[in-house]
C-alpha cells in the first residue's frame, strides 16, 4: 500500500503541469521521439527534458534510445493506477449513500408502523 | 480552456500528497471539522492547516467557520473535473484503435481483392 501511495504522489505530481499533460496526451496517440514531443513547446530543450525526466520517474512514460533517437511511450497501466484512486473515492461516496438509503428506508418503516 | 488547465494544475498538485488524499477520502464520508480531520495525523496543526489551504485553493474542498469551528466539505464537482481528464485520454486511445481497426479492415479488403 505504501508503494501505491508513493506512486500516486509521483503520478499526480507529474500530471500537475500542462506541458507534461500535453506529452501524455500526445503519447496516447502512439510513441514519439523527444524531438517530436518538444516541437509544440516554445521553451528550450533542457527545460523540456526536465519534464520528460519527471514523467519517466513517475512511471507514466518510458523511453528507449536507439542510435541517436530517444523514443517515449506511454505506460497506460500506471496512468490507470492513478485513475483508480478516483474510483476508490466514488466507492466511498456510494457506500455513504447506501447507508443513507438504508437509514431512510428504516425511518420510513418506522413511520409506516406508527 | 485555460481555466480548465489551471484548475487541473491545482487539483493534481493537491492530490500529489498522501495527507491531502486522506483528507479528501475522509470528506467523501461527509463534512468534518478541521480538528476531526487533523486527528489521524501526528504532525502539528500548522503544517496540517497548510494542507487544508492547498486543498481549498485547488477548489477540491470548501470550508466554513461557524463560531469557533471550521467545517470542511468536499467539492465533488471539482474532483470530477480532474477525473474527466483521464476520460479524455481514454477517448484519444479509443480513436487511435478505431483508426487501426479501419486500417486493418482496409488492408484485409485489399488482400481479399488480390
### Message
Looking at A:108, A:65, can you tell me which residue is in a strand (DSSP E or B) and either within 13 Å of chain B (Cβ to nearest Cβ) or surrounded by fewer than 11 Cβ atoms within 10 Å (Cβ to Cβ) (or both)?
### Response
A:65
### Task
Find the helices (runs of 4 or more DSSP H) located wholly in the range A:1-53 whose residues include 1 or more that are within 14 Å of chain B (Cβ to nearest Cβ) and modelled with pLDDT of 95 or more, and list them.
A:2-15, A:18-27
### Task
Please find, among A:83, A:98, A:88, the residue that is surrounded by 13 or more Cβ atoms within 10 Å (Cβ to Cβ) and over 21 Å from residue A:38 (Cβ atoms).
A:83
### Task
Taking residue B:94 as the residue in question, decide whether it is assigned to a helix (DSSP H, G or I), more than 22 Å from residue A:58 (Cα to Cα) and facing chain A (nearest Cβ under 9 Å).
no
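The values are calculated or read from the model by the stated rules, or taken from the named source; none is laboratory data. Predicted model, so just to flag it, every value in this text is computed and none were measured. All Cβ positions, even for glycine, are placed from backbone atoms using ideal geometry, and neighbour counts span all protein chains on display.
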